[in-house]
Amino acid sequence: MTTTTPNQALLDVDTLRADFPILSRTVRDGKPLVYLDSGATSQRPRQVLDAERRFLETSNAAVHRGAHQLAEEATDAYEDARARLAAFVGASTGELVFTKNATEGVNLVAYAMGNAATAGKEAARFVLREGDEIVVTEMEHHANLVPWQQLAQRTGATLRWFGVTDDGRLDLSNLDELVHERTRLVAFTHQSNVLGTVNPPERIVARAKEVGALTVLDACQSVPHGSVDFTALGVDFAVFSGHKMLAPSGIGVLYGRRELLEAMPPFLTGGSMIEQVFMERSTFAEPPQRFEAGVPMTSQAIGLGAAVDYLSAIGMDRIAAHEHALTEAAVRGLGEIPGVRIVGPTDGVDRGGAISFVVDGVHPHDAGQVLDSLGVEVRVGHHCAWPLHRRLGIPASIRASVYLYNDESDIAALLAGVREAQRFFGVDTAARTASAGEGSQP
Amino acid sequence: MQLESMYQEIILDHYKNPHRRGLREPFDGESFQVNPTCGDEVTLRVRLDGDTVQDVSYEGQGCSISQASTSVLTDLVVGHTLADATKTMDAFVELMQGRGKVEPDEEVLEDGIAFAGVAKYPARVKCALLGWMAFKDAVVKTDQGVETR
């Protein structure tokens, strides 16, 4: 970087990039890597890799089993990671369940609810019947949509959803109408992985509480990028993934209010999650163990704990401010290129760092290929939000997503790459006519 | 430069001026194919005259590779017997799945050899094969389909 702006002064990107070995590699014939796909998965700093390695080289054992010293150390490290995670998201330790990923977290709740009908009186509050309703939104990632479609199918409940406005905001104008006394559950994303739109949990949670519906928050795109306090938000459940917040893949988190986890029947059953086992029946452990059947992901959890330490040391508010500045620069810069349309809010209000757009006359796949040839790694396609793309009338989009290790030179590379894609595909932005892209794209 | 090796002029020409685009009646078999990773889709119809492919018509939306590949497909199979079309299809599929190591036969694949560069990009191979999978499926759905299997 050759310029110093106030934004960069906030976060010393040059220094922290040195923690991420992968960011110094080149791609596609020597092009410096410009990584703008953290919305899909983030890169991991040495501190996280080292923590995993250190654990595996010194204390590796199966947790919550055995009484030898390694088992003790491994269990302590695993539970210590849980405690750090809990503090990070404003929860108590018993309210966090380690899962494989966020998708498993959503499925855990959905299947537990599906199991509730045969799980006794305690689980009655989770039972869904015909006539009950589940409410989602049209901007959900498939992970927070398909499990609820399936649950509705299994129980006879009806799936309903909030729409999305033309400018990419959640349409809550019919909140009271959509969430009513028959609504049993409202599942929604904190921040859209496509639009970047940040939704207001407080409003939705308040209405859900009025009618006695449970709430499930998809926090995959919010927890990695700013301060999030589940208890303060008042949601009943929330999920997020480790790999989107500098941690390993294979580890995710389900948050559930203690009282709910205590009453909820298990999803996966087997070892670790039991209290007593007889040949004909079993009783189950208290949460969170009740929901962690089998030997869990251990080094991954330790890695996630180290990622939380790394992020906390920098400060989530600083990270959020840094990303906000980059997002505004990207949205502004893209908006200035003729023929580029931002998919999502074009102002910086309640907007995170997922910046999706389309280029008239150039299919997203092709634009992504040009960007890739320049070393700029973005996501193309529907980003696991197909219904949202359908709603917006586009088959696919290009998504750049920023994180703490990105800087303004990355945004400049993105903008230059988009212009190059237009040039390569002969989209004359100065004199675009209806003939451009004829026979190709609508 | 890499980009030109993928986006040969022939491909860009077919993309900008696709051959036989549009859905036409009558037809003997139809197939809808979608690439779930990117949302590209194609609806393709086959019209047969005995065991000869009389027409291939299609509509869809997708990237330059998928659109151009479908356009090239129509050039390669229309007017040919199903047996020949199947041979051509097999050659094209082999080329695309060859990770850039298969030498294409221009006698068989004509404009299709332009896709040799695409084969080096595994993420784009599905794009190039979308229309071909639709053709294969549409043929199966015709009365002749059984005989070509």
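Taken one residue at a time, the phi angles of region A:294-310 give Karplus couplings (6.51, -1.76, 1.60, θ = phi - 60°) of x, 5, x, 6, 9, 4, 5, 5, 5, x, 5, x, 5, 5, 4, 4, 4 Hz. Gly and Pro are set to x.
Scan chain B and note any complete DSSP helix (H) whose C-alpha atoms cover at least 24 Å along its axis and whose Kyte-Doolittle average is -1.0 or more.
Working: long enough: B:122-140 (27 Å, 0.84).
Long hydrophobic helices here: B:122-140.
Any idea what the relative contact order of region A:284-442 is, in percent, if you count C-alpha pairs under 8 Å spaced at least 6 apart? Before the final figure, lay out the partial values.
Values: 166 pairs, mean separation 36.7, N = 159.
Reported relative contact order: 23 percent.
Note on chain A: dipole from Cβ charges, positive end direction compared against A:Ser312, A:Met264, A:Gly234; the farthest Cα belongs to A:Met264.
In the protein assembly as shown, helical runs assigned H by DSSP with n ≥ 4 each contribute -39500 (n - 2.57); averaged across all residues and rounded to the nearest 500, the mean residue ellipticity at 222 nm is -11500 deg cm²/dmol.
For region B:1-143, a/c is not less than 1.5, where a ≥ b ≥ c are the root eigenvalues of the C-alpha gyration tensor, and a/b tops b/c. That puts it in the prolate class. With the cut-off at under 16 Å, measuring from each backbone N in region B:13-40 to a point 7 Å along the Cα-to-Cβ line of B:Lys141 picks out B:22-35.
Applying 1/(1 + (r/R0)^6) with R0 = 45 Å to the Cβ-Cβ distance of A:Gln150 and A:Arg46 gives a FRET efficiency near 0.65.
Give the shape of region A:18-152 as rounded, prolate or oblate, defined through the alpha-carbon gyration tensor: a ≥ b ≥ c are the square roots of its eigenvalues, a/c under 1.5 means rounded, and otherwise the shape is prolate if a/b is larger than b/c and oblate if not.
On the way: a/c = 3.07, a/b = 1.32, b/c = 2.33.
Oblate, since a/c reaches 1.5 and b/c is not below a/b.
Karplus-derived 3J(HN,Hα) values for region A:181-190, using 6.51 cos²θ - 1.76 cosθ + 1.60 with θ = phi - 60°, are 5, 8, 6, 9, 7, 10, 10, 8, 8, 6 Hz; glycine and proline are entered as x. Computed over protein heavy atoms with a 1.4 angstrom probe, the accessible surface ordering of A:His68, A:His382, largest first, is A:His68, A:His382.
Along region A:198-214 the Karplus relation, 6.51 cos²θ - 1.76 cosθ + 1.60 evaluated at θ = phi - 60°, assigns HN-Hα couplings of 9, 8, x, x, 4, 5, 5, 5, 4, 5, 4, 5, 4, 9, x, 8, 7 Hz to successive residues, with x for each Gly and Pro. Calculated FRET efficiency, B:Arg21 to B:Gln54, Cβ-Cβ distance, R0 = 22 Å: about 0.85 to the nearest 0.05.
Normalised by the number of residues in chain A, the mean separation of alpha-carbon contacts (under 8 Å, six or more apart) gives a relative contact order of 21 percent. In terms of its C-alpha gyration tensor, chain A comes out oblate, because a/c is 1.5 or above while a/b does not outweigh b/c.
Of the listed peptides A:164-174, A:184-194, what is their order by residue-averaged count of other C-beta atoms within 10 Å, with the highest listed first? Provide the component values of the computation, followed by the final result.
Values: A:164-174: 16.3, A:184-194: 26.7.
Final packing ranking: A:184-194, A:164-174.
Projecting label points 7 angstrom from Cα along Cα→Cβ for B:Asp84 and A:Ala87 puts them 7.6 nm apart.
Only protein chains counted, 1.4 angstrom probe. Which residues of region A:351-388 are at least 40 Å² less accessible in the assembly than when their chain is isolated? Those are A:His363, A:His365, A:Asp366, A:Gln369, A:Ser373, A:His382, A:Trp386, which lose 40 Å² or more relative to the chain on its own.
What is the helix-to-structure angle for A:46-58, meaning the angle in degrees between its Cα long axis and the longest Cα principal axis of chain A, kept from 0 to 90 and rounded to the nearest 10? Tilt relative to chain A: about 30 degrees. Per residue, region A:155-223 exposes an accessible area of 36 Å² to a 1.4 Å probe, with every protein chain left in place.
When DSSP beta bridges are restricted to pairs lying wholly in the protein assembly as shown, around 70% turn out antiparallel. Rounded to the nearest 20, the size of the Cβ-charge dipole of region A:4-137 about its Cα centre is 300 debye, with Lys and Arg at +1 and Asp and Glu at -1. Hey, how many Å between the Cα centroid of region A:33-104 and the Cα centroid of region A:301-365? Distance between centres, Cα-based: 26 Å.
For chain B, the per residue solvent-accessible surface stands at 45 Å², with DNA, RNA and ligands left out and a 1.4 Å probe.
Once A and B are treated as a pair rather than alone, how much accessible area drops out, both sides summed, in Å² to 100, probe 1.4 Å?
On the way: alone 18440 and 7680 Å², together 24090 Å².
What A and B bury together is about 2000 Å².
DSSP beta bridges fully contained in region A:48-312 are about 50 percent antiparallel. Kindly identify residues of region B:27-42 having a loss of at least 20 Å² in accessible area between the isolated chain and the assembly of all protein chains, probe radius 1.4 Å. Residues losing area: B:Pro36, B:Thr37, B:Cys38, B:Gly39.
For region B:1-143, the relative contact order is 30 percent, taking Cα pairs closer than 8 Å that sit 6 or more residues apart in sequence and dividing their mean separation by the residue count.
Within chain A, what's the longest run with no GluC sites (Glu not before Pro) in a DSSP loop and at most 15 other beta-carbon atoms within 10 Å? Give the range, please. Each step should come with its number before you reach the end.
On the way: sites that count: A:Glu130, A:Glu181, A:Glu280, A:Glu336, A:Glu438.
Result for the longest clean stretch: A:1-129.
Once backbone amide H atoms are built at 1.01 Å from N, A:Thr215 has A:Val186, A:Asp236, A:Phe237 as its partners under 5 Å, excluding neighbours fewer than 5 places away on the same chain. For A:Phe284, nonlocal amide neighbours, meaning residues 5 or more places apart or on other chains whose placed amide H falls under 5 Å from its own, are A:Glu275, A:Gln276. Charged side chains reduced to their Cβ positions (Lys and Arg at +1, Asp and Glu at -1) give chain B a dipole of some 580 debye around its Cα centre. Label-to-label distance for A:Ile337 and A:Asn174 is 3.7 nm, based on points extended 7 Å past Cα in the beta-carbon direction. Summary of the geometry: region A:245-270 and region B:1-59, compared by the centres of their Cα atoms, lie 46 Å apart. Rounded to the nearest 10 degrees, the angle from helix A:408-424 to the longest Cα principal axis of chain A is 60 degrees.
The values are calculated or read from the model by the stated rules, or taken from the named source; none is laboratory data. Values in this document were obtained by computation on a predicted structure and should not be read as measured data. Cβ: placed from backbone, ideal geometry, glycine included. Neighbour counts: every protein chain shown. Accessible surface areas use protein heavy atoms only, side chains included; no ligands, DNA or RNA. Shrake-Rupley method; radii C 1.70, N 1.55, O 1.52, S 1.80 Å.
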